[in-house]
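Read through the structure below, which is laid out as structure tokens, and then see the notes.
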Amino acid sequence: MNEVIEADVIDVSKSIVVTREPTIVYEMLKPISESIAAKIVALNIESLEPTEANLAEIKRTRTDLKKDFEIIESARKMAKELILRPYELLDEQYKKLIATPFATADAKLKNLIDEVETEILTAKVNSLKTYFQEHNAFEFVRFEDLGLKIIKSKSDKAIKDEIDAYLVNIETAINTIETLTDKERILAKFQMSKDLNRAISETNQEAQREEAIKAQNEARAAANQPKVEAAEEKPKEPSTEPEIDNTVYQASFTVFATRAQLKKLKEFMQNEGVSYESADNRN
């Protein structure tokens, strides 16, 4: 670490001192105000009629009043400038010598602090991720799923307790799912949402929709099926003799056998009167 160079001790409280308090004399404003008020009364402004005949008098009256106002306004602006000019010079030097160097140094120091604290927080997060991976037995659960608020001031133990509690809830939910009907579907949904109640609710809703669709299809099929009136028939007495089917059927198949087995098979078909076609000319 670079050695800190100690600067001479300076009393910063005395950096800016006003050596003489500015004084503005404005006692004359009141008598001037009274004089202007008297002049307005004398000019009889309130009773002036806005007519073409009075137009010139109205303009002259306004011009006289504006002259007095501009003189007083000029004095006010001059007083303001005399007072503000020293401060403006101070402000210019203050920004150049104090504010800008301070802001530059402060920004650099803040960046150094942020860099160190980021490294500390990164190491903390990586350590907690390692703890999670060592204790997590569920492939579908990610570290990000926990939504942990990890800050430097929060102890690792408190965050590890949150991780343990989350994993216990996952295990409890899975054990509960094993006792439910349609557990495979519920488990699939739970692995996505990590919310047992939501997984059960969505599965039940799907099952209800499937039952409703099935009922609609069965009703539609029953409605489309032609109605056949069954004729009253005398029930047949069961026959004691087996029925003989004389229908001739044709079948094709490939036989894998030895020459001797093929010969026996051929003799069997000939004895049973079975007609056949053979592509094998070896008799």
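The values are calculated or read from the model by the stated rules, or taken from the named source; none is laboratory data. A quick note: this is a predicted structure, and the numbers were derived from the prediction, not measured. FYI the Cβ positions are ideal-geometry reconstructions off the backbone, even for glycines, and counts take in every protein chain you see. With ligands, DNA and RNA removed, areas are computed over all heavy atoms of the protein, side chains included. Shrake-Rupley method; radii C 1.70, N 1.55, O 1.52, S 1.80 Å.
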Any chance region 59-77 includes a residue that's more than 30 Å from THR23 (Cβ to Cβ), of a type in the set (S, T, N, Q), modelled with pLDDT under 95 and open to solvent by less than 80 Å² (accessible area, probe 1.4 Å)? yes
Only one of (1) under 60 Å from the mean Cα position of the chain (by Cα); (2) open to solvent by less than 90 Å² (accessible area, probe 1.4 Å) does not apply to ILE40, and that is (1)
Being open to solvent by less than 50 Å² (accessible area, probe 1.4 Å) and not in a helix (DSSP H, G or I) narrows it down to one residue among VAL125, VAL141; which is it? VAL141
Say whether the condition of being of a type outside the set (A, V, I, L, M), at pLDDT below 95, open to solvent by 50 Å² or more (accessible area, probe 1.4 Å) and in contact with a Leu (Cβ under 6 Å, 6 or more places away or on another chain) is met by at least one residue in region 144-156. yes
Hey, any hits in region 104-117 for a residue that's surrounded by 11 or more Cβ atoms within 10 Å (Cβ to Cβ) and without any contact (Cβ under 8 Å) to a residue 12 or more places away in the chain? no
For ILE83, the lone unmet condition from (1) in contact (Cβ under 8 Å) with a residue 60 or more places away in the chain; (2) in contact with a Phe, Trp or Tyr (Cβ under 8 Å, 6 or more places away or on another chain) is (2)
Please determine whether any residue of region 221-233 is charged (D, E, K, R) and either in contact with a Ser or Thr (Cβ under 6 Å, 6 or more places away or on another chain) or at pLDDT 70 or above (or both). no
Hey, ASP182 within 28 Å of the chain's Cα centre (by Cα) and acidic (Asp, Glu) or not: no
Can you find even one residue in region 248-256 that is more than 44 Å from the chain's Cα centre (by Cα), surrounded by 10 or more Cβ atoms within 10 Å (Cβ to Cβ), part of a loop (DSSP other than H, G, I, E, B) and modelled with pLDDT under 90? no
Could you list all residues from region 15-37 that are within 28 Å of PRO86 (Cβ to Cβ), open to solvent by less than 100 Å² (accessible area, probe 1.4 Å) and among the polar types (S, T, N, Q)? SER15
Pairs where the first residue, in region 184-197, is under 21 Å from GLU144 (Cβ atoms) and the second is in a helix (DSSP H, G or I) and open to solvent by 50 Å² or more (accessible area, probe 1.4 Å), C-beta under 7 Å, 6+ apart: LYS189/GLU202; LEU196/THR176
Whichever residue in region 95-148 is within 31 Å of the chain's Cα centre (by Cα) and among the β-branched types (Val, Ile, Thr) and, among such residues, is farthest from LYS189 (Cα to Cα): ILE113
Return only the number of the condition from (1) part of a loop (DSSP other than H, G, I, E, B); (2) surrounded by 10 or more Cβ atoms within 10 Å (Cβ to Cβ) that LEU55 does not satisfy. (1)
State yes or no: is VAL25 aliphatic (A, V, I, L, M), outside any helix (DSSP H, G or I) and either on the phi < 0 side of the Ramachandran plot or in contact with a helix residue (DSSP H, G or I) (Cβ under 6 Å, 6 or more places away or on another chain) (or both)? yes
For LEU90, state whether it is modelled with pLDDT under 95 and surrounded by 12 or more Cβ atoms within 10 Å (Cβ to Cβ). yes
